[in-house]
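Undergrad: Quick one: structure below, then a few questions.
The values are calculated or read from the model by the stated rules, or taken from the named source; none is laboratory data. Owing to the predicted nature of the structure, the values given are computational and were not obtained by experimental measurement. Neighbour counts run over all protein chains shown; Cβ positions are idealised from the backbone, glycine included. These area figures cover heavy atoms from the full protein model, side chains too; ligands, DNA and RNA do not enter into them. Shrake-Rupley method; radii C 1.70, N 1.55, O 1.52, S 1.80 Å.
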Amino acid sequence: MANAAEKHVSQQLPRDLVEEISSYCSPSTLASLALVQKKFQHEAERKLYSSIVVQTNTSSISILETLGSNQRKAESVQFLQMEDEHDPDPVALEIFLSILPKLISSRDLRIRLYMIPEKGQYDRLSESTQDTADNIRTILKARYFTLHTLFCNQWFDLLDIVQSQASLYILGVYDFAEYMDPETLRLLEYLHTVPHGPIPFSVGRDTAAQVLHMLGLFPCFGLPLSTDTYKTIVSAMDRDRGRRMELSREVVGSVCLFFENFNTIHGYLTRIISAMATFFPNIEHLKLQAREPSQL
């Protein structure tokens, strides 16, 4: 009798109330809800799979296989973060590449590939990781989904991706924050010529750090140092769900600003320091670099 009454009540609940209830549930509760109550199953699964974090190891194979075998669940994914391992599992990596085109509702994609440190040089991808980057770039250029936010390494041929993803609004580049490699320089020069390109910034870390505590901003390429710009960057950082490397406004301790030349800094410095204190409360170092430092 009780089961019949519960079934009757659940069938009478309007969809917006089901959505509201689901929004307060933890992932484990959503998983249970999807199994025991058919009325809630679709909404519970939609919430459960809307945000996914995976690593390229055996622990992520199960969730990747689920997304690969269930199109409805794959189409629920709006946020996907992939963290590459130093020694990735080839099966996990293969499944990830196979399911990526199926995630057609994705709006926020974050892929951090493992980089081999190079003393005195730019960090580089291993040969196998470069193949992975090439495959991911091909998928992004094919426009299976329309991204609003993208975080990835600088070795993805970012210019091609940005030109393919016309709706991209936020572009975060992993693993550098205090220099501009040639690929990123080419991208930034392009963004400076288009009226509605994404907001670019970079995040990085010292070799021993376990957080992405370094931030790079590029006013030399037309990035407005405005309150709205800072809010957009901070919001994107705070949505990060990385497990191996933390990223948020709270962990940023060093900011590097790239100017065209030092003449352009006049009038900015007071506002810059004020904004840094407001949006990055734990900042300890502010660095200023110029593309043409001799123009004083």
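Undergrad: Specify which of the listed residues (Tyr122, Tyr114) is modelled with pLDDT under 90 and either surrounded by fewer than 19 Cβ atoms within 10 Å (Cβ to Cβ) or assigned to a helix (DSSP H, G or I) (or both).
TA: Unique residue meeting the criteria: Tyr122.
Undergrad: Here's something else I'd like to know. Take segment 9-41 and flag every residue that is among the aromatic types (Phe, Trp, Tyr) and buried (at least 20 other Cβ atoms within 10 Å of the Cβ).
TA: Phe40 - this is the single residue of segment 9-41 that is among the aromatic types (Phe, Trp, Tyr) and buried (at least 20 other Cβ atoms within 10 Å of the Cβ).
Undergrad: Need the failing condition index for Glu94 against (1) touching a residue at least 60 places away in the same chain (Cβ under 8 Å); (2) surrounded by fewer than 19 Cβ atoms within 10 Å (Cβ to Cβ), just the number.
TA: Against the list (1) touching a residue at least 60 places away in the same chain (Cβ under 8 Å); (2) surrounded by fewer than 19 Cβ atoms within 10 Å (Cβ to Cβ), Glu94 comes up short only on (1).
Undergrad: Give me the pairs, please: first residue somewhere in segment 187-216 and free of Cβ contacts under 8 Å to residues at least 12 places away in the same chain, second residue anywhere and assigned to a loop (DSSP other than H, G, I, E, B), beta-carbon distance under 8 Å, and either six or more positions apart or on two chains.
TA: Going by the 8 Å Cβ cut-off, the qualifying pairs are Asp206/His213.
Undergrad: Name the residues in segment 265-285 that are of a type in the set (Phe, Trp, Tyr) and under 24 Å from the mean Cα position of the chain (by Cα), would you?
TA: Phe279, Phe280
Undergrad: If you don't mind, there's one more thing I want to ask. Considering Leu80, Leu140, Leu103, which residue is at negative phi, at pLDDT below 95, buried (at least 20 other Cβ atoms within 10 Å of the Cβ) and not hydroxyl-bearing (Ser, Thr, Tyr)?
TA: Result: Leu140 is the single residue among Leu80, Leu140, Leu103 that is at negative phi, at pLDDT below 95, buried (at least 20 other Cβ atoms within 10 Å of the Cβ) and not hydroxyl-bearing (Ser, Thr, Tyr).
Undergrad: Another one. In segment 73-99, what residues are of a type outside the set (Val, Ile, Thr) and closer than 18 Å to Phe145 by Cβ?
TA: Those that are of a type outside the set (Val, Ile, Thr) and closer than 18 Å to Phe145 by Cβ: Lys73, Ala74, Glu75, Ser76, Gln78, Phe79, Leu80, Gln81, Met82, Phe96, Leu97, Ser98.
Residues checked against (1) open to solvent by less than 20 Å² (accessible area, probe 1.4 Å); (2) more than 18 Å from Tyr169 (Cα to Cα):
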residue: Val203; (1), (2): yes, no
residue: Leu212; (1), (2): yes, yes
residue: Lys231; (1), (2): no, no
residue: Ser235; (1), (2): no, no
residue: Val251; (1), (2): no, yes
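Undergrad: A further question follows. Please work out which residue is farthest from the chain's Cα centre (by Cα), limiting yourself to segment 42-67 and to residues that are open to solvent by 60 Å² or more (accessible area, probe 1.4 Å) and modelled with pLDDT under 90.
TA: Step by step, filter segment 42-67, then rank; the result is His42.
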